[in-house]
1. So, in region 84-119, of the ones that are within 16 Å of residue 195 (Cα to Cα) and outside any loop (DSSP other than H, G, I, E, B), which residue ends up nearest to the chain's Cα centre (by Cα)?
2. Across region 163-181, which residue is surrounded by the fewest Cβ atoms within 10 Å (Cβ to Cβ) among those that are within 17 Å of the chain's Cα centre (by Cα) and free of Cβ contacts under 8 Å to residues at least 40 places away in the same chain?
3. For residue 117, are the conditions met, namely being more than 21 Å from residue 84 (Cα to Cα) and either touching a helix residue (DSSP H, G or I) at 6+ places or on another chain (Cβ under 7 Å) or buried (at least 16 other Cβ atoms within 10 Å of the Cβ) (or both)?
């Protein structure tokens, strides 16, 4: 733009015909002032790396996911241990590198789940759709995770933080379920790594016992002491 007019030749040289036509139809401001950069993703209008990161993830995952700010806050404020809490965050953020992810970027000969060896190891499969993990969910909670094969990892994490979505009519202890589920995800991933790198098989009964012990110890340590009552 020069002296209130578009440099038509330059616009047509830099852009395709449709874009050039759209640009040339942009009206000029009646005010004699320089243009400024403005970000509409922040209240202040200032662009930042943080705002760009948030906008990028928002466009990728959508507003209905756990990346919605109030649901992020629910995760950080939830009464669960920091280590499994961080693991949940890594799952939601796509930071867990499963075989199905690695095969896209690297030469991975075996992209299949190390437990069942029949399905691609997507981020949802080992935790909820593999027969090995399915049996553990059903044994502990009577939950058939295979009925929710359409769930994304964000759907599952949202359900773990809000278990009434699945158990609204069963009256389960929601805190106990959430604590168990986050311990399960973290420890099951560790068992997966041990199977791949050390060929150490998962023992279902011992695994469930270990998770229950962790949950009970955590819930006991976080009990709010009751004050003695006096007559």
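1. Residues of region 84-119 that are within 16 Å of residue 195 (Cα to Cα), as a first pass: 97-99, 110-118.
Then keep just the ones that are outside any loop (DSSP other than H, G, I, E, B); that gives 99, 112.
On the way: 99: 17, 112: 22 Å.
Looking at the filtered set, the residue picked out is 99.
2. 163
3. Values: more than 21 Å from residue 84 (Cα to Cα): yes; either touching a helix residue (DSSP H, G or I) at 6+ places or on another chain (Cβ under 7 Å) or buried (at least 16 other Cβ atoms within 10 Å of the Cβ) (or both): no.
When the stated conditions are applied, residue 117 does not pass them.
The numbers here are math on the coordinates, done by the rules we state, and not lab data. Computed from a prediction, not measured in an experiment: that's the story for all the values here. Glycine gets a Cβ as well: all are built from the backbone with ideal geometry, and neighbour counts include every protein chain shown.
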